[in-house]
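The values are calculated or read from the model by the stated rules, or taken from the named source; none is laboratory data. This is a predicted model, so every value here is computed, not measured. Methodologically, a virtual Cβ is constructed for each residue, glycine included, from the backbone with ideal geometry; neighbour enumeration extends over all protein chains shown. Ligands, DNA and RNA are excluded from the accessible area calculation, which covers all protein heavy atoms including side chains. Shrake-Rupley method; radii C 1.70, N 1.55, O 1.52, S 1.80 Å.
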Amino acid sequence: MSRKRTATRRKKIAWLVAGAGIVAGGFAVTTGSGFASQTGTQADAPQGTAAAQGAVERTFRASVVSGVQIYACTQQADGTFAFTQRGVRATLQGGIKHSFVNPDSGPPQWIARDGSAVTGKVASKTPNGPGNIPELELTATQSGRSTGKLAEVVKIRRLNTSGGVAPAGSCDPAKNPTAEVPYGAVYEFIRLCRRTPAPTPSARL
């Protein structure tokens, strides 16, 4: 083989090797960039949110059909007697029963007809005008069946309150040991429901 042909052949091989390196390098950059973008999106997802936990918030409301705030005539620190909260007794729309687990000490509870139930702990209070009990926001804890109307409830709001305020002034535990004051409200129940996974499409052969 002549020296001229040998040199030409070496040049062609050199060009092929260089071209392959460019293609390979370009593929590595593109693939790396795409992978980094996807990883960043997952990492940037807000932690602790319903979406991050694969769950979604659902809300429903139930108004008080009939209800009373219950007060007991108790001795105060200064020796006088006044009405203080003892409990609540109410029926909400849908047959939900609302009461205190333990009189005087609580906590408040809501029990549905299907056996699902929750207790609540007050997180915040908002005044709603004179003569009306305050609006509340409560964190909820499951205390009944794991399925049903109140299952997965994580928060409760008492809204649009009317009446229910304790009688003013002093009281006599011998004559009127308790007082029941009618009230109205709308209770908003916030559920954190698990998302149902979408069915996986069947693979075609």
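From the list 83, 100, which one is modelled with pLDDT of 95 or more and more than 21 Å from residue 141 (Cα to Cα)?
83
May I ask you to say which residue of 144, 163, 148, 129 is open to solvent by less than 70 Å² (accessible area, probe 1.4 Å) and part of a strand (DSSP E or B)?
Details: 144 fails: part of a strand (DSSP E or B); 148 fails: part of a strand (DSSP E or B); 129 fails: part of a strand (DSSP E or B).
Going through 144, 163, 148, 129 in turn, the sole match is 163.
Of all residues in the range 166-192 being hydroxyl-bearing (Ser, Thr, Tyr) and either free of Cβ contacts under 8 Å to residues at least 40 places away in the same chain or open to solvent by 50 Å² or more (accessible area, probe 1.4 Å) (or both), which is nearest to residue 55 (Cα to Cα)? If you could, list the steps in order and put the result at the bottom.
Taking the range 166-192 as the starting set, the residues that turn out to be hydroxyl-bearing (Ser, Thr, Tyr) are 170, 178, 183, 187.
If we keep only those that are either free of Cβ contacts under 8 Å to residues at least 40 places away in the same chain or open to solvent by 50 Å² or more (accessible area, probe 1.4 Å) (or both) too, we end up with 170, 178.
Values: 170: 50, 178: 44 Å.
Filtering first and then ranking leaves 178.
Checking residue 86 against (1) without any contact (Cβ under 8 Å) to a residue 60 or more places away in the chain; (2) farther than 16 Å from residue 186 by Cα; (3) touching a Pro at 6+ places or on another chain (Cβ under 8 Å), which single condition isn't satisfied?
Going through the list (1) without any contact (Cβ under 8 Å) to a residue 60 or more places away in the chain; (2) farther than 16 Å from residue 186 by Cα; (3) touching a Pro at 6+ places or on another chain (Cβ under 8 Å), residue 86 breaks only (1).
When residues of the range 81-123 are filtered for being open to solvent by less than 70 Å² (accessible area, probe 1.4 Å) and outside any strand (DSSP E or B), how many remain?
10
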